[in-house]
Amino acid sequence: AALAARALAGVIETVPTYRSLMIHFDPHFWSTAELIDQIRCLEAAPLPTRAAPNHWIIPVCYEAPHAEDLAEVAAALSLTEADVVSLHAGADYCVHMYGFAPGYVFLGGLPERLAISRRAVPRPPVPPGALLIAGGQALIGNDPMPTGWYHIGRTPLVTFDARREPPCFIEIGDQISFEPISAAAFARLEQTARGGAPIARRVA
């Protein structure tokens, strides 16, 4: 936030993660050493005040065929499938970072009863919008790819769209809640989302 407020010429993008900040910059403006010096000057600067985080309600289908690993997770955790859905949909999450691939939203707040280790061997690609859990974390995927996480639901929401401004409208620090929907509702909302219309609701 302090770097954005400084608006240094040549700084193209910042990518925050759990423990670090990647800074993309144009080397025609700064050498690495010069940019580091500029950043060090920011450490004592007060952070700009941010408006209260947004709280998004995101539709999720936990029904077949949109929850390929739900039964496996339930069996591994000695829960029923309904228990897994209730726990996952009943929690409030905080957006910690985007990572791994565009639109992959890492969330904190997964209930302890859903803590499950990652797979020893990655599973075949999950579909766009997969809701994933593993290693005490929750994740919203965006693109199909193999994963060591477990696929327990799917949202028709498109978290990254290069045609939008900004491409990722959910911000770091935002709150997220999941709203269970039927497979039929998923199909309807998927068509809406493909047309570019918003399907996540912001809590006032």
**OP:** Could you give log10 I(q)/I(0) at q = 0.19, 0.21, 0.23, 0.25 Å⁻¹ for segment 117-200, computed by the Debye formula over C-alpha point scatterers of equal weight, without solvent?
**Re:** -0.95, -1.11, -1.25, -1.35
Original post:
Residue farthest toward the positive end of the dipole of the chain, with Cβ of Lys/Arg at +1 and Asp/Glu at -1: which of Ser86, Gly10, Ile23?
Top reply: Gly10
**OP:** Per residue of segment 57-72, in order, report the coupling 6.51 cos²θ - 1.76 cosθ + 1.60 (Karplus, θ = phi - 60°) as ³J(HN,Hα) in whole Hz, putting x for Gly and Pro.
**Re:** 9, 10, x, 9, 9, 9, 8, 5, x, 9, 9, 4, 10, 4, 5, 5
Original post:
What does the helix-only formula give at 222 nm for the chain: each DSSP H stretch with n ≥ 4 adding -39500 (n - 2.57), the total divided by the residues, and the result rounded to the nearest 500 deg cm²/dmol?
Top reply: -6000 deg cm²/dmol
Original post:
Hey, in the GNM for the chain with a 10 angstrom Cα cutoff, which one of Leu139, Leu21, Leu79 fluctuates hardest?
Top reply: Leu21
Subject >> Alpha carbon Rg of segment 1-124, scaled by the compact-globule rule 2.2 N^0.38 Å >> reply: 1.49
**OP:** Please report, as a whole percent, how much of the solvent-accessible surface of segment 60-191 comes from carbon and sulfur atoms (probe radius 1.4 Å).
**Re:** 58 percent
Subject >> Computed accessible area, Trp30, all protein chains, 1.4 angstrom probe, square angstrom >> reply: 50 Å²
Original post:
In segment 67-135, if every C-alpha pair distance is counted and binned at 10 Å from zero, what percent goes to each bin?
Top reply: 17, 52, 30, 1
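The values are calculated or read from the model by the stated rules, or taken from the named source; none is laboratory data. Just so we're clear, the structure is a prediction, and the values are computed from it rather than from any experiment. In this analysis, Cβ positions are derived from the backbone assuming ideal geometry, glycine residues included, and neighbour counts consider all displayed protein chains. Calculation scope for accessible area: heavy atoms of the full protein, side chains included, ligands and nucleic acids excluded. Shrake-Rupley method; radii C 1.70, N 1.55, O 1.52, S 1.80 Å.
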